[in-house]
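Rule-based calculations on the coordinates, nothing more; no lab input. Bear in mind that the values here come from a model prediction, so they are computed numbers and not experimental data. Every residue, glycine as well, gets a Cβ built from its backbone with ideal geometry; the counts of neighbours run over all protein chains shown.
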Amino acid sequence: GGGVTGDLAGFAAAVYQRGVRLAQIPTTLLAAVDSSVGGKTAVNLKAGKNLAGAFKQPELVICDTDCLGTLPESEFANGLAEALKYGVLADRPLFDRLAAGSAGDRIPEIIAACIEHKSRYVQQDERDNGDRRFLNLGHTIGHAIEKCSGFRVPHGRAVAAGMAMIAGAGEKLGLTEPGTAEEIAAALLKNGLPAATECETEELLCAALSDKKRSGDSITLVIPKRIGQCILHTVPVTEMAGIIDLGKAAAV
């Protein structure tokens, strides 16, 4: 199945009898490039996204790319958001390929590239205390968008908007090279993804501050420095509303 199915099955495998064997068989692009690999499993709570979960590495991941040919365009685009994330994080050639709108005929290569990047982060930091946090690019605001929409906005589309907004805020803060946010937004739009949200700042702030990436009075954000390179930037929670406002203004 997709990300929700894989997360639910993984969480059940982690807690049933204190752990049973798990295989992941992703049948959506988002699950193939991201959620089926890495061992994070979780379910949503009323308070927010992925708040009840466990780490459970699958013993096997089987990805049959023929399944992806059955996906509607909107679901395929949902997965491209996570693929674009890897391009922004660490792979300019991957980003350029996706920005050109030429993903369709190179899906196995794109999946392999994304898994290679994710595997590297997970091997270095399985429990998400160090460099694995880079994989949260777009996710702090993205998870907030999902919650504010009552989870009607799919994960990939929410992350897409979150990624564009944090890049825009990064430019305003002088942390991101000028023009980067525009490049990201153009690539998202080329692939049928949003680069903004209609959610209000106060709603997003409330959701973001209940996110598990918060630590006490601070929250660590992943901000693009340029396409292919990002930084971890920790800010006081009191600055988060201003950052969201900067991102919303840049996305207009």
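Specify the residue that is surrounded by the fewest Cβ atoms within 10 Å (Cβ to Cβ); the eligible residues are those in region 43-68 that are polar (S, T, N, Q) and in contact with a strand residue (DSSP E or B) (Cβ under 7 Å, 6 or more places away or on another chain). Step through it out loud before you land on a result.
Pass one, region 43-68, residues polar (S, T, N, Q): 44, 50, 57, 65.
Narrowing the set further to residues that are in contact with a strand residue (DSSP E or B) (Cβ under 7 Å, 6 or more places away or on another chain) leaves 44, 50.
On the way: N44: 17, N50: 19.
Selected residue: N44.
Restricting the search to region 181-204, which residues are surrounded by 20 or more Cβ atoms within 10 Å (Cβ to Cβ) and assigned to a helix (DSSP H, G or I)?
Those that are surrounded by 20 or more Cβ atoms within 10 Å (Cβ to Cβ) and assigned to a helix (DSSP H, G or I): A181, I184, A185, A187, L188, L204.
Which condition does N129 not pass, out of (1) in contact (Cβ under 8 Å) with a residue 24 or more places away in the chain; (2) under 20 Å from V237 (Cβ atoms); (3) out of contact with any strand residue (DSSP E or B) (no Cβ under 7 Å at 6 or more places or on another chain), if it passes all the others?
All conditions are met except number (1).
Which of the following residues is hydrophobic (A, V, I, L, M, F, W, C), in contact with a helix residue (DSSP H, G or I) (Cβ under 7 Å, 6 or more places away or on another chain) and under 23 Å from G53 (Cβ atoms): C148, C199? Talk me through it step by step, then tell me what you get.
On the way: C199 fails: under 23 Å from G53 (Cβ atoms).
Criteria check complete, one pass: C148.
Go through (1) aliphatic (A, V, I, L, M); (2) more than 24 Å from L188 (Cβ to Cβ); (3) in a loop (DSSP other than H, G, I, E, B) one by one and return the number of the condition V37 breaks.
(2)
Of the residues that make up region 59-68, is at least one free of Cβ contacts under 8 Å to residues at least 12 places away in the same chain, of a type in the set (D, E), over 18 Å from H139 (Cβ atoms) and not in a strand (DSSP E or B)?
Residues of region 59-68 free of Cβ contacts under 8 Å to residues at least 12 places away in the same chain: 66.
From what's left, of a type in the set (D, E): 66.
Checking which are over 18 Å from H139 (Cβ atoms) leaves us with 66.
Of the ones still in play, those that are also not in a strand (DSSP E or B) are 66.
Yes; the residues of region 59-68 include at least one that is free of Cβ contacts under 8 Å to residues at least 12 places away in the same chain, of a type in the set (D, E), over 18 Å from H139 (Cβ atoms) and not in a strand (DSSP E or B).
When only residues in region 211-240 that are of a type in the set (G, A, S) and loosely packed, with under 13 Cβ neighbours inside 10 Å count, which is farthest from A185 (Cα to Cα)?
The first filter runs over region 211-240 and keeps only residues of a type in the set (G, A, S), leaving 215-216, 218, 228.
Next, from what is left, pick out any that are loosely packed, with under 13 Cβ neighbours inside 10 Å: 215-216.
Numbers: S215: 29, G216: 32 Å.
If we take residues in region 211-240 being of a type in the set (G, A, S) and loosely packed, with under 13 Cβ neighbours inside 10 Å, then G216 is farthest from A185 (Cα to Cα).
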